[in-house]
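Please treat every number below as a calculation from the coordinates, not as lab data. Computed from a predicted model, the values in this text were never measured in an experiment. With ideal geometry, Cβ positions are generated from the backbone for all residues, glycine too; neighbour counts draw on all protein chains shown.
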Amino acid sequence: MFHYTVELARSGQAKCRGCGSGIAKDSPRLGVQQELAEEAKEGMSDAARRASESTKWYHYEPTCVRMLRKSASWWSSNSPDPDTDVTVVNDIVTTEDLKAFFEDVLEAAQSNAAPRALTPAPTVGKAVKKDEIKKKRAKKEDDDLDSAEEEEDTATPPTSEDEDAVQDKVKKPTTSRKRSAPAGTAGDSPKRAKPAPIDVDAYNGGVLPEDQVQQIKEVMTEIKSKTNNVLQASLRANKQKISGRKEDLVIRVAECTVLGALPKCPECKKAVLYYDRHSGEYSCPGSFGDEVKCAFKSFEVERNDWEEPN
């Protein structure tokens with residue numbers, strides 16, 4: 001039996017069990033804790049039991065969470081109930097958000113999607129070591145400076161010959177130990193690159209008529225500067241999938257604005273339909289437990305009216 005927790009990461013020390021990269025502080029994460037049956041605990045040491053029942057952390061990202069169990073059939077039969085199996089800290093997501101999220105997890109498992117690394121793994125040990133080296137270098141420079149000042153105070157006045165020798169040394173170029181940064185790189189630690197701007201012209205409408213493709217591109221141009229929160233609010237108000245990258249959200253809102261919101265599956269009444277613009281086919285994401293195994297597909301589906309949130 002598994003229990004899930006959704007919260008904002010309290011530090012940047014935990015690593016995602018799905019993709020292996022670090023989970024940044026204050027970013028959403030999903031914890032999974034397995035409660036072992038009593039018969040399974042028999043013969044296990046206390047350390048092994050604690051390790052098995054400890055919380056495993058994942059990015060709040062479907063492709064990462066689906067690595068908990070790679071089998072799509074497992075997720076079909078064991079999809080969590082947001083009301084009873086999930087604890088949400090500080091209400092950072094709603095029940096509807098969780099339902100849509102675990103539908104995306106099932107879809108990722110069915111397509112065998114590889115996990116996306118969202119943040120680089122933290123290098124705490126290296127950072128500490130570099131900091132210690134910097135401190136030692138700074139202390140050595142201070143000590144050298146103090147020694148030079150003491151020698152200057154006790155030195156005898158220079159003769160004219162000494163001054164000439166000093167001038168000759170000054171004229172000679174000296175080489176610095178510190179190497180300059182290679183061309184095209186920053187001298188300091190690299191900063192996280194900004195996401196590439198959304199290329200509206202790269203949108204591929206597939207089998208959609210050209211006039212609808214142009215309308216979708218016009219809407220994409222209007223909304224691409226909006227934040228993820230604003231785009232997700234529009235999708236949430238129309239009961240659409242809210243996960244994905246910024247580009248995915250922009251395309252989803254634009255398509256639904258022009259074509260209409262995707263309805264729930266007319267057969268199982270469980271999930272919102274998926275639309276493949278390249279083939280024009282609508283399909284149900286799949287199974288939702290042993291009692292419901294839906295394989296609805298159709299090229300003719302009536303969409304719902306798109307409503308802008310107030």
I need MET220, MET67, MET1, MET44 ordered by Cβ neighbour count within 10 Å, fewest first.
MET1, MET44, MET67, MET220
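Report, to one decimal in Å, the Kirkwood hydrodynamic radius for region 207-276 based on all distinct Cα pairs.
Numbers: mean 1/r = 0.0790 Å⁻¹.
Computed over Cα pairs of region 207-276, the Kirkwood hydrodynamic radius comes out at 12.7 Å.
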Cα coordinate range in region 239-283, projected on the principal axes (Å, largest first)
31, 21, 16
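With 10 angstrom as the radius, rank ASP91, ASP248, ASP199 by how many other C-beta atoms surround their C-beta, starting from the fewest. Please report the intermediate quantities before stating the final value.
Details: ASP91 7, ASP248 13, ASP199 10.
Final ranking by Cβ density, sparse to dense: ASP91, ASP199, ASP248.
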Along principal axes, largest first, the alpha-carbon spread of region 9-79 in whole Å comes out as 38, 30, 15
Apply 1/(1 + (r/R0)^6) to the Cβ-Cβ distance of LYS293 and VAL230, taking R0 = 45 Å, and write down the FRET efficiency to the nearest 0.05.
0.80
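Report, in listed order, any pair from LYS217/LYS297; LYS264/LYS293; LYS56/LYS264; LYS56/LYS246; LYS217/LYS241; LYS99/LYS224 with a Cα-Cα distance greater than 22 Å. Show your work: numbers first, answer last.
Details: LYS217/LYS297 27 Å; LYS264/LYS293 15 Å; LYS56/LYS264 33 Å; LYS56/LYS246 27 Å; LYS217/LYS241 20 Å; LYS99/LYS224 26 Å.
Pairs exceeding 22 Å: LYS217/LYS297; LYS56/LYS264; LYS56/LYS246; LYS99/LYS224.
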Loop-resident chymotrypsin sites (Phe, Trp or Tyr not before Pro) in region 209-310 with no more than 13 other Cβ atoms inside 10 Å, DSSP not H/G/I/E/B, are PHE299
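By how many nm would the segment from ASN112 to THR84 grow when fully extended, if each residue of separation counts as 0.36 nm and the alpha-carbon distance is taken off? Provide the component values of the computation, followed by the final result.
Numbers: separation 28, 0.36 × 28 = 10.08 nm, distance 2.73 nm.
Residue separation times 0.36 nm, minus the Cα-Cα distance, leaves 7.4 nm.
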